[in-house]
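No value in this document is a laboratory result; all are computed from the given coordinates. Predicted model, so just to flag it, every value in this text is computed and none were measured. Here the Cβ positions follow ideal geometry from the backbone for every residue, glycine too, while neighbour counts run over all protein chains shown.
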Amino acid sequence: MGAVRNLRKLSRAALLRPSPRGALPDAIEHVAQAHRAHHPGADLDMLRRAYLLAESSHRGQMRKSGEPYITHPLAVTLILAQLGAEQTTLTASLLHDTVEDTDVTLAQVRAEFGDEVCHLVDGVTKLEKVDYGAAAEPETFRKMLVATGSDVRVMSIKLADRLHNMRTLGVMRPEKQVRIAKVTSDVLIPLAERLGVQALKRELEDLVFAILLPEEHARTQELIRAHTAQPDPLTQVAARVREVLREAAIDAQVLIRPRHLVSLHRLRKKRGELGPCDFGRLMILVAEDADCYAALGELHTCFVPVMSEFKDFIAVPKFNLYQSLHTAFADQDGRVAEVLVRTRQMHQVAEAGVITLGDPHPATPADAEAEAAAGDGERVDPTRPGWLSRLLEWQSRTADPDTFWSELRDELAEDREITVYCAEPGTGASSGALPLPAGASCVDAAYALHGEAAHRCIGARVNGRLTSLATALRDADTVQLFLAPTSGTAAYAPSPEWLDHARTPAARISIRKWLAAHPPVAAADAVTAPTEAPAGPVPESVPEPVTEATAPAAHGATAPPGDSVSIVTPHPHAPVRLARCCTPVPPDAVTGFPVRGGAVTVHRDSCQAVVRMAAAGRSSVSVRWRKLQAGCRVTLRAEAFGRPRLLADLTETIASEGAAVVSADVEPPCEQRVRHTYTLHLPDATGLPALMRAMRKVPGVYDVSRAAHRVPMGSTG
């Protein structure tokens, strides 16, 4: 607040005493000093010109506090300068209210300061209530977020603008204070968190805390006053840590970082009464990444570590750029201290987030050419995170401002993010990383990856295992999503139950849009894909995944006569049988077992019956195939997600590979999955691998295997 009072004095002086031509006005000297602390050689001429335009444009305007209006853009610019913002951001910050509140036009700003400054000023300019009515606020935020999508510096200015307004909110009516504080809590604070601007987020949280929870705020302040009246035990702990690191020759700065009000409030709710070491944390600043781990090693060697508190955000940074090592330890007196270990560069990024990254736009002609080649008219911005891309995608399909506003608040309420890896079904090939909010399900992944084509999603595999679409995903999961084919899929549609599992606005909006366009019909006519399969049989006339005709059951291959299977045995006159439990075909590795009546039963070497009979001491005989090209019978099992025409598509594929269906069995579906078992005659056994590959490519089929039927214990096959 002292800096704000100084700015007020300087701005009054600027109004009364013009600066010499070309000199830096006294009113922006604080801004200039803060800026040069981060950018020592900065040319301040553009800042000087921006201030002169802002001051002359706002001259005569007053804030509700009674101060000249110019104090507001000056304070906002000082906040950004202290966080290390570059000159373009500071210039736009000085001008951010000119187009909205004065006669200055965007064309004038562009002519005087260039396209980038104009884009930033336009991004934070509010829409008029006279034009938009009650939709003005949500539509202003929509406009600002779209502008942020091409230049994240727009949001940096808005956050600093809101911080200064919150600092001076006391002049407003109580009901207006509450309304502004709620919007700040629901939208601006989550945005500050996601952009990594922790310095702004902490102060905004405390200011909102004072307005929305005044009694809890007062109680927390009293706890801090009582704590500061006593010696801080962390002072002695910090001194011991400095000694430990100095003895280890680690160049480090050890600071005591007090917790802010909201942090203490949350900790008290979590732990109950606060201990003397809970009012702050130790922060260790070092030069290099390796020094972070060296310091951590010394702490864990010389003190008793609390391993449940250890987190490595250096190896795995948070989605908002944050990096640090977190740990806690107990010293020899039993005092538990929490510690943050980071480099000085990490600390700058942790405090200022995207603000410290500077200009996100191309700096070289080659970069500019690459940007132009992209052809979509949108600026390349390496600071644009995954959550912002998702937000921009779904908002473009949400015309209603109320829906946008409610979905935006829900989206921003998710304060953590995960990354899953999508693989193409049937190939295992990765189609890239997919960022999602924590708690997202397979439904969310489907809509994030496929858009409205996800209406046809019929199943998913997570980390190689089949699972329901309701399954919540975890960080680093691998996801395969199965879509029904585009033709003949009128029976497939999002189920209303999907809304219970959708966490992202993109999924919810698409599902609701489809459901609104397709109102529920009578149960007998419903065609939506069920979350679970019906308990009983479904009439064949209803196009559900379980309505396909079932061929006569066949639970194994029927062995042809011995001389047609081309098996060579040590007993040339003994009858040969192919075991029904594993249906061997050339060129399978096989083993024979003599059975009653002098016959030889042939099993695949991998058959469990072979293991059991060998363990029981049964004698085996050596057998082999005489001709690999001989025709044979084999039983295949296809595991699939149920859909109409699945049986027809599979039998058509089998026929196209030259095999003939001897018999087929379709088991009752379970959780929308169905199993088909086919006994087939192949003219050439060497074609079996190609046939199985072709069957796996049928939409909805996720596995094809050789059937292996159970054989009762003690059976000889």
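Compared with the rule-of-thumb size 2.2 N^0.38 Å for a compact globular protein, region 650-707 has a Cα radius of gyration ratio of 1.11. Computed packing ranks the peptides 618-625, 168-175 as 618-625, 168-175, most packed first, by mean other Cβ atoms within 10 Å. A cut-off of 5 Å between modelled amide H atoms, ignoring neighbours fewer than 5 places along the same chain, links Ile418 with Leu436, Ala438. Annotation: region 134-186 has a Kirkwood hydrodynamic radius of 12.2 angstrom, from the mean reciprocal C-alpha pair distance. About its Cα centre, region 231-354 has a charge dipole of approximately 640 debye under the convention of +1 per Lys or Arg Cβ and -1 per Asp or Glu Cβ, with nothing else charged. Rounded to the nearest 20, the size of the Cβ-charge dipole of region 562-706 about its Cα centre is 360 debye, with Lys and Arg at +1 and Asp and Glu at -1. In this structure, the amide hydrogen of Arg624, modeled 1.01 Å from its nitrogen in the peptide plane, lies closer than 5 angstrom to those of Val568, counting only residues at least 5 positions away or on a different chain. With the largest listed first and rounded to whole Å, the semi-axes of the equivalent ellipsoid of region 74-211 from the Cα gyration tensor are 23, 18, 14.
Applied to region 45-55, the Karplus parametrisation 6.51 cos²θ - 1.76 cosθ + 1.60 on θ = phi - 60° returns per-residue 3J(HN,Hα) values of 4, 5, 5, 4, 5, 5, 5, 4, 5, 5, 5 Hz, with x for Gly and Pro.
Its Cα gyration tensor gives region 204-254 an equivalent ellipsoid; the semi-axes, largest first and in whole Å, are 35, 15, 5. For region 562-706, the fraction of alpha-carbon pairs lying more than 19 Å apart is 55 percent, rounded to a whole number. Close amide H contacts of Val590 (hydrogens built in the peptide plane, cut-off under 5 Å, sequence separation of 5 or more or a different chain): Asp605. Report the local net charge at Phe329: Lys and Arg +1, Asp and Glu -1, summed over other residues whose C-beta lies under 10 Å from its C-beta. Cβ neighbours under 10 Å give a net charge of -2. Each part reduced to its alpha carbon centroid, region 337-359 and region 127-183 end up 26 Å apart.
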